Amino acid sequence: FGEEISCEHGLFEESEVFEEPQEVAEEMKILQQKDFYLQAAKARQDAENLAVKLLATRAFTAVEMRKKLNGKKFPSHVIEAVITDFQSRGLINDSLYAESYSRSRWSSASWGPRRIKQGW
């Protein structure tokens, strides 16, 4: 400490040239946390975008959506957050899905009430 270091720009105190290890460690930790949150936000956005695209084609149950998102290797906490959010907004509704499915099968000539009950 207090040693002078010479370089092409003149003389510097050692403390002016090198940051303290603790300060560097804290700065690195902050940068890593920011990177983690940015990656998590991107994963959430990507999962939401995929879920919207899937829902644009047909209705999905929460289980089906979970399988689709798991298949794309999204983290489980992201998947659960997206599904919970979509359920709260009515975009994923298992009860409505079951009712719609039953009605469509009921109106189909090949499925009667007994077959529908057996399928559940």
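Restricting the search to helices (runs of 4 or more DSSP H) fully inside the range 45-107 and requiring at least 1 residues that are of a type in the set (Val, Ile, Thr) and at negative phi gives 62-71, 76-88.
Screening residue 41 on (1) over 25 Å from residue 99 (Cα atoms); (2) in a helix (DSSP H, G or I); (3) modelled with pLDDT of 95 or more shows it passes everything except condition (3). Residues in the range 86-103 that are modelled with pLDDT under 95 and hydroxyl-bearing (Ser, Thr, Tyr): 95, 97, 100, 101, 102.
The values are calculated or read from the model by the stated rules, or taken from the named source; none is laboratory data. Since this is a predicted model, take the numbers as computed values, not measurements.
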